[in-house]
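To start, the structure under review is shown below, and the notes come after it.
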Amino acid sequence: MQNSSDLEHPKQCEFRIGQRVHSAGDYRRIGTVKYVGEVEGYSGIWIGVEWDNCDGKHDGSVNGVRYFNAQFPKSASFARPHNLSTGVSLLQALNTRYRTSSTKEELNEMYVLSASHKRVNVQLVGTDKIEDILSRFQELPGASLSYLGVSSSGDPVEISKTLPNLKELDLTGNLLSQWQDIDAICSGLPALTALNLTNNRMSKDEAGISHLRNLRLLVLNNVTINWSQVEVLKDSLQAIEELHLMGNKIREITPTSSEFVQGFCSLRVLNLEENCIADWVEIVKLSQLKCLEQLHLNKNNIEHIWYPTTDEAQYKPFQNLRCLLIGGNKIEDLASIDALNSYPSLVDIRCSENPATDPNRGGIGRFALIARLAYVKILNGSEITPRERKESEIRYVRLVMSKPHQNLEEIKRLHPRFIELKAFYGIEDERPLNGPAGPQKMASGLITVTLKCIGPSICEKTPITKKLPATTTVGKLKTLCLSFFKLKFFKLRLYLQEGPLTHTFLDDDMASLNDAGVCNQSIILVDEDF
């Protein structure tokens, strides 16, 4: 634990390579010590620091002399010892956050102007009561000590005496790096169940950690941890229910004892967003986690999804997985979307911002996703109502029927649910699937659509309902809208409404309404194109 004299005179502190520091007076400017010593052409001792936010001046080289290697061209700089802080203990930060009273000068700055433009000091009602409650540490159920320069645990016995009832602790953005300090903090907080260590650069040494057993929620976002380290911590995380590992550049899931990750008997939520996982093989290694209900994989590099089938599994893979977030990946094939139907309990999916599911990049829209995903109840954060599912599935069937296919087998391959849905809704063939060229009945005949103006200059127009040939092009419908609503000198944009808050831009003027996914009873929004 660091004493107050060290805090007042940082130059007396012994800086070491790898130590975490922050700029004096700026808790958020955090970096790692890379060099301690003299700099050619300058007197005295200098500390070379690589800053987390790349807010530096060079890459560790000055005037042609290299003192250390920084990761980026301008992520490093040199500083005098007195301009850096090596941090404080947990209890020192606690006092700073909750027992620092307002100064007389600060109170004088709280005022309003009277009618005669004179300052009238004000006092917030209840301030004293709130400060009194916060200052009684023994009663605190939770504490937020984010960005306060915490670098060490201090005495676990003193922590236990001071915070006997603390259940939640946020240590985001501090200077912690040693797992032994985290272990000491947890040993002094027997009631602790939730710990946030986001943006602390943790070391690779987790040996001897044994006091994390009561944690139910652990956040390790951006702490430079890999899965091998997670495996080492696993035995001490006996009660963990939520584990967050965002932004750690994880590429592989590396179980230690078998093909699949074992243990984590209570883990319900695993967050691996913003990592570098590309191969679904890595995700399958998590398939035997019996309690896993939510798996967050947004913003990785995943290209293909499939459902594992193996006789070696002790139980059905991903048996209890209810929520899967795979948005912002690189999925291009619809077979990956169809594969999600094989996950036995999956009802909540986020798959937006993938090439296969982004209409702006040639992917399918919401209605087609709903039709292809048989059991999903929540899609991209929006609940699927029974009415929306019915309308989406009927529209999907008719869209498939309007496409030229060689044979029934091709349809089954490209649209696995088509036959099932067509039979369920009793939709009869309106054109032969395969036949000689020549006059044929229109795939969908006349369809009824409602046109609704939403542009700022035309929104007062009364919506109208029209019967149109399904072969009408989007460009032709724009022209018709000008006539229907008696608009002149307007350029229009059309959107297909797919839900209360979702709509698809009809950007291809040459596409027919059928090809664009417009079906009977669809609502088309008419907007101005500025």
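The values are calculated or read from the model by the stated rules, or taken from the named source; none is laboratory data. Since the model is a prediction, treat every value here as computed from it, not as a measurement. Ideal geometry is used to build each Cβ from the backbone, glycine not excepted, and the neighbour counts take in all protein chains shown. These accessible areas exclude ligands, DNA and RNA; they are computed on the full protein's heavy atoms, side chains included. Shrake-Rupley method; radii C 1.70, N 1.55, O 1.52, S 1.80 Å.
A single entry from N200, N222 fulfils the requirement of being on the phi > 0 side of the Ramachandran plot and crowded, with 19+ Cβ neighbours inside 10 Å: N222. So is L334 in contact (Cβ under 8 Å) with a residue 24 or more places away in the chain and either assigned by the TED database to the domain that holds P469 or open to solvent by less than 40 Å² (accessible area, probe 1.4 Å) (or both) or not? It is false that L334 is in contact (Cβ under 8 Å) with a residue 24 or more places away in the chain and either assigned by the TED database to the domain that holds P469 or open to solvent by less than 40 Å² (accessible area, probe 1.4 Å) (or both). The number of residues in region 144-168 that are open to solvent by less than 10 Å² (accessible area, probe 1.4 Å) and under 20 Å from I240 (Cα atoms) comes to 1. Each residue in region 48-64 was checked for being modelled with pLDDT under 95 and of a type in the set (V, I, T), and 1 of them qualify. Name the one entry in K488, K467 that is open to solvent by 40 Å² or more (accessible area, probe 1.4 Å), modelled with pLDDT of 85 or more and not polar (S, T, N, Q). The match here is K467. Within region 299-306, one or more residues are within 24 Å of M202 (Cα to Cα) and surrounded by fewer than 21 Cβ atoms within 10 Å (Cβ to Cβ). Would you check if there is a residue in region 81-102 being over 21 Å from Y147 (Cα atoms) and either in a strand (DSSP E or B) or at pLDDT below 95 (or both)? Within region 81-102, not a single residue is over 21 Å from Y147 (Cα atoms) and either in a strand (DSSP E or B) or at pLDDT below 95 (or both). Taking the criterion of being among the aliphatic types (A, V, I, L, M) and modelled with pLDDT of 95 or more, the residues of region 290-323 that qualify are L292, L295, L297, I302, I305, L321.
Residue by residue, here is whether (1) at pLDDT 95 or above; (2) among the acidic types (D, E) holds:
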| position | (1), (2) |
| --- | --- |
| P190 | no, no |
| N221 | yes, no |
| E231 | no, yes |
| R251 | yes, no |
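Does region 12-31 hold any residues that are open to solvent by less than 90 Å² (accessible area, probe 1.4 Å) and not polar (S, T, N, Q), and which are they?
Listed by number, the residues that qualify are C13, F15, G18, R20, V21, H22, A24, G25, D26, R29, I30, G31.
Are any of the residues in region 366-382 farther than 30 Å from N320 by Cβ, touching a helix residue (DSSP H, G or I) at 6+ places or on another chain (Cβ under 9 Å) and at pLDDT below 95? Scanning region 366-382 turns up no residue that is farther than 30 Å from N320 by Cβ, touching a helix residue (DSSP H, G or I) at 6+ places or on another chain (Cβ under 9 Å) and at pLDDT below 95. When residues in region 40-65 are screened for being surrounded by 11 or more Cβ atoms within 10 Å (Cβ to Cβ) and over 31 Å from the mean Cα position of the chain (by Cα), 11 of them pass. Please indicate, with yes or no, whether at least one residue in region 521-530 is under 35 Å from the mean Cα position of the chain (by Cα), part of a loop (DSSP other than H, G, I, E, B) and under 30 Å from E383 (Cα atoms). Checked against the condition, which is being under 35 Å from the mean Cα position of the chain (by Cα), part of a loop (DSSP other than H, G, I, E, B) and under 30 Å from E383 (Cα atoms), region 521-530 yields no hits at all. Got a number for residues in region 404-430 being in a helix (DSSP H, G or I) and open to solvent by 60 Å² or more (accessible area, probe 1.4 Å)? Of the residues in that region, 9 qualify.
The rows are residues; the columns are (1) in contact (Cβ under 8 Å) with a residue 24 or more places away in the chain; (2) surrounded by 19 or more Cβ atoms within 10 Å (Cβ to Cβ).
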position	(1), (2)
G363	no, yes
F367	yes, yes
A371	yes, yes
A374	yes, no
K377	yes, no
E388	yes, yes
Y396	yes, yes
S402	yes, yes
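With the condition kept exactly as written, say whether any residue in region 239-246 is at pLDDT below 95 and open to solvent by 50 Å² or more (accessible area, probe 1.4 Å). For region 239-246, residues at pLDDT below 95 and open to solvent by 50 Å² or more (accessible area, probe 1.4 Å): absent. Based on what the data block shows, is F260 over 19 Å from the mean Cα position of the chain (by Cα), of a type in the set (A, V, I, L, M, F, W, C), farther than 22 Å from L217 by Cβ and in a loop (DSSP other than H, G, I, E, B)? Yes: the conditions hold for F260.
Taken over region 347-369, the criterion of being closer than 14 Å to G517 by Cβ and in contact with an Asp or Glu (Cβ under 7 Å, 6 or more places away or on another chain) is satisfied by G365, R366, F367.
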